[in-house]
Amino acid sequence: MAFPLQHTANRALLLCLLLLQGVQHVEGHYGFPFLLKDEFVSERWEYIRPTTSFAPNFDYSGPDSMCGFNATKAIFPVKTFTVAAGSTIGFGVSDYTNAADESKATAPFQSHRHIWHQGPATAYMSKAPGDLNDYEGDGDWFKIAAVGASDGLTWDYSPANLRHSLNFTIPATTPPGKYLLRAEHFNIQPDYKQTQMYINCAHIEVTGPGGGNPGPVTKFPGAFRATDPGIWLANALWYPVRPVEELKNWQGAGPKVWTG
Ligand SMILES: *[C@@H]1O[C@H](CO)[C@@H](O)[C@H](O)[C@H]1NC(C)=O
Ligand SMILES: *[C@@H]1O[C@H](CO)[C@@H](O)[C@H](O)[C@H]1NC(C)=O
Ligand SMILES: [Cu+2]
């Protein structure tokens, strides 16, 4: 569940959503086990490196900050999705299943599900020297997206917008090769070390002419800390949100976005 403070402030919205959707959504946590591209919808854990839990991740500086819980190594091999540089792919959301270990769940994508918490999203990429299933993500990472609040009022990814996926565009000049693509949604909190992270990584092979020189680069763990501006916002906004440039121009922590 989210934190009581937020639930108090969000009670009207929450009640409204629960009434609309029945009671399945009482838990609020989620993961991104599906890969979406145009009309294509993957199976669960077909291209996404499995994680064992969809609980909120507070491990900002540990190994699980890379690709989620127990995903430093591939728990089991997944396929690599081929995508042309310049195109957009999505990470489809799933609520908790009833599996004790989420990597064992098999239920298909449900497009009426949506990302439950409000907050920004980021994406990073790291090129694998060989097979992605053998890659532990210890190479360089660069950031390709930071999605905040484009209207300066509400996070683009908020329950009110009923988004079923996090969508990111692979920069057009990304050098061809095999990459871990790390997607992250934050439930930003005003309290130190209370921001929730929801992270998954896809295995992708980028095709195209390349030509870009991605950077600046960073490492996982280590790209950002719980204390960094943008991870913990002392003035984090609840509903109703107010317009502040800080929110509109949210860039998150970690390196600057490389757009190719
Ligand atoms: C995200 O991408 C998926 C798959 O291409 C698409 O179905 C969905 O409409 C996209 N969402 C947004 C908000 O663009
Ligand atoms: C990570 O995997 C271990 C071993 O399977 C398991 O005991 C632990 O609960 C997992 N961690 C999470 C957060 O799911
Ligand atoms: Cu929650």
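Residue-by-condition table, conditions (1) at pLDDT 95 or above; (2) within 16 Å of the chain's Cα centre (by Cα); (3) in a loop (DSSP other than H, G, I, E, B); (4) within 30 Å of ARG225 (Cβ to Cβ):
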{"site": "GLY28", "(1), (2), (3), (4)": "no, yes, yes, yes"}
{"site": "PHE32", "(1), (2), (3), (4)": "yes, yes, no, yes"}
{"site": "LEU35", "(1), (2), (3), (4)": "yes, yes, no, yes"}
{"site": "PRO50", "(1), (2), (3), (4)": "yes, yes, yes, yes"}
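Does the stretch 123-135 include one or more residues that are modelled with pLDDT of 95 or more, within 18 Å of THR195 (Cβ to Cβ) and within 16 Å of ligand 1 (Cβ to nearest atom)?
So the first thing to find is which residues in the stretch 123-135 are modelled with pLDDT of 95 or more, and the list is 123-135.
Pick out the ones that are also within 18 Å of THR195 (Cβ to Cβ) and you get 123-124.
Next, from what is left, pick out any that are within 16 Å of ligand 1 (Cβ to nearest atom): 123.
So far as the stretch 123-135 goes, yes, one or more of its residues are modelled with pLDDT of 95 or more, within 18 Å of THR195 (Cβ to Cβ) and within 16 Å of ligand 1 (Cβ to nearest atom).
Quick one: which of THR169, THR195, THR173, THR207 is β-branched (Val, Ile, Thr) and touching a Pro at 6+ places or on another chain (Cβ under 7 Å)? Spell out the reasoning first.
Working: THR169 fails: touching a Pro at 6+ places or on another chain (Cβ under 7 Å); THR195 fails: touching a Pro at 6+ places or on another chain (Cβ under 7 Å); THR173 fails: touching a Pro at 6+ places or on another chain (Cβ under 7 Å).
Going through THR169, THR195, THR173, THR207 in turn, just one is β-branched (Val, Ile, Thr) and touching a Pro at 6+ places or on another chain (Cβ under 7 Å): THR207.
Every residue, every condition in (1) more than 16 Å from ligand 3 (Cβ to nearest atom); (2) under 30 Å from GLU39 (Cα atoms); (3) without any contact (Cβ under 8 Å) to a residue 40 or more places away in the chain, yes or no:
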| position | (1), (2), (3) |
| --- | --- |
| SER158 | no, yes, no |
| HIS164 | yes, yes, no |
| ASN167 | yes, yes, no |
| THR173 | yes, yes, no |
| ASP191 | no, no, no |
| ILE199 | no, yes, no |
| ALA226 | yes, no, no |
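Return the residues of the stretch 154-210 that are farther than 22 Å from GLN110 by Cβ and of a type in the set (Asp, Glu); say none if nothing qualifies.
Of everything in the stretch 154-210, those that are farther than 22 Å from GLN110 by Cβ and of a type in the set (Asp, Glu) turn out to be ASP191, GLU205.
Filter the stretch 95-153 down to residues that are away from ligand 3 (no atom under 16 Å from the Cβ) and in a loop (DSSP other than H, G, I, E, B), then give me how many there are. First the steps, then the outcome.
The initial filter retains those residues of the stretch 95-153 that are away from ligand 3 (no atom under 16 Å from the Cβ), namely 98-101, 103-112, 122-153.
Still in the running and in a loop (DSSP other than H, G, I, E, B): 98-101, 105-112, 128-131, 135-140, 148-153.
Of the residues in the stretch 95-153, 28 are away from ligand 3 (no atom under 16 Å from the Cβ) and in a loop (DSSP other than H, G, I, E, B).
Could you tell me whether the stretch 69-91 includes any residue that is of a type in the set (Val, Ile, Thr), under 13 Å from the mean Cα position of the chain (by Cα) and within 16 Å of ligand 3 (Cβ to nearest atom)? Show your work before the answer.
So in the stretch 69-91, the residues of a type in the set (Val, Ile, Thr) come out as 72, 75, 78, 80, 82-83, 88-89.
Going one step further and asking which of them are under 13 Å from the mean Cα position of the chain (by Cα), we end up with 89.
Okay, now just the ones that are also within 16 Å of ligand 3 (Cβ to nearest atom), so none.
No: zero hits.
The values are calculated or read from the model by the stated rules, or taken from the named source; none is laboratory data. As the structure is a prediction and not an experimental result, all values here were calculated from the model. A quick note on method: Cβ atoms are made from the backbone with ideal geometry, for glycine too, and the neighbour counts reach across all protein chains shown.
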